Amino acid sequence: MAGLVPFNRRRSDVMSAGFDSFQNMLDDFFAESWPFRRSLLGDTFKLDVQDNSTEYLIEAELPGVKKEDIGISLNEGRLNISVNKDETVEETNKNYLHKERRYTSMSRNIMLGDADAAGIKAKLDNGVLSISVPKKPKPDNSVVIDID
């Protein structure tokens with residue numbers, strides 16, 4: 001019985017002592033978050049989207065990101081916000097035993113079917129990206145029908 005191997009090592013209720021767990025522990029130790037958790041939800045940025053009568057207001061949390069690292073595009077009603085951040089520091093005369101570099105690439109897409117490409121405004125202030133996307137005016141297709 002002692003020689004049995006658990007079927008699913010990724011389950012939290014089953015203990016595992018494999019190298020993958022140790023590797024994840026090292027990665028989590030050098031992460032900047034507490035408590036240490038690995039999750040896809042933490043690897044992207046948060047968005048708020050408001051639908052007003054004449055425009056969409058989007059706010060994205062991007063702390064520590066410069067505006068040069070942000071890309072915004074609108075293609076057939078799909079608003080894409082992307083971040084590509086490369087943190088490299090060139091240091092000379094250092095005797096490193098271990099050194100890591102950080103490259104971050106994230107993107108979010110929002111479908112805004114009636115978005116008007118003309119007049120989109122974006123502003124980055126204190127780590128919050130604010131985007132105002134005007135809506136295309138809807139034509140009045142209503143028809144008055146006479147009764148005979």
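The values are calculated or read from the model by the stated rules, or taken from the named source; none is laboratory data. Bear in mind that the values here come from a model prediction, so they are computed numbers and not experimental data. As a convention, Cβ positions derive from the backbone with ideal geometry for all residues, glycine included, and neighbour counts pool all protein chains shown.
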Scanning for something part of a loop (DSSP other than H, G, I, E, B) and either at pLDDT 85 or above or at positive phi (or both), does segment 95-107 turn up at least one residue? no
Being surrounded by 11 or more Cβ atoms within 10 Å (Cβ to Cβ) and farther than 17 Å from Leu47 by Cβ is the filter here; which residues of segment 106-118 pass it? Asp114, Asp116, Ala117
Just to be sure I understand the filter: pairs with C-beta atoms under 8 Å, separated by 6 or more residues or on different chains, first member in segment 125-141 and without any contact (Cβ under 8 Å) to a residue 60 or more places away in the chain, second member surrounded by 10 or more Cβ atoms within 10 Å (Cβ to Cβ) and outside any strand (DSSP E or B). Which pairs pass? Lys136/Asp114; Lys136/Asp116; Lys138/Asp114
What number of residues within segment 74-94 satisfy the criterion of being in a loop (DSSP other than H, G, I, E, B) and loosely packed, with under 10 Cβ neighbours inside 10 Å? 8
Qualifying residues in segment 33-63 (those that are surrounded by fewer than 10 Cβ atoms within 10 Å (Cβ to Cβ), under 17 Å from the mean Cα position of the chain (by Cα) and part of a loop (DSSP other than H, G, I, E, B)) - the one modelled with the lowest pLDDT: Ser39
Is it the case that Ser142 is at negative phi, of a type in the set (Ser, Thr, Tyr) and outside any loop (DSSP other than H, G, I, E, B)? no
Hey, among the residues in segment 56-108 that are without any contact (Cβ under 8 Å) to a residue 24 or more places away in the chain and of a type in the set (Val, Ile, Thr), which one's farthest from Ile120 (Cα to Cα)? Thr92
When you go through (1) modelled with pLDDT under 90; (2) touching a Ser or Thr at 6+ places or on another chain (Cβ under 6 Å); (3) under 19 Å from Gln50 (Cα atoms) one by one for Gly113, which number turns out not to apply? (2)
Some residue of segment 139-146 being within 26 Å of Glu55 (Cα to Cα) and within 17 Å of the chain's Cα centre (by Cα): no
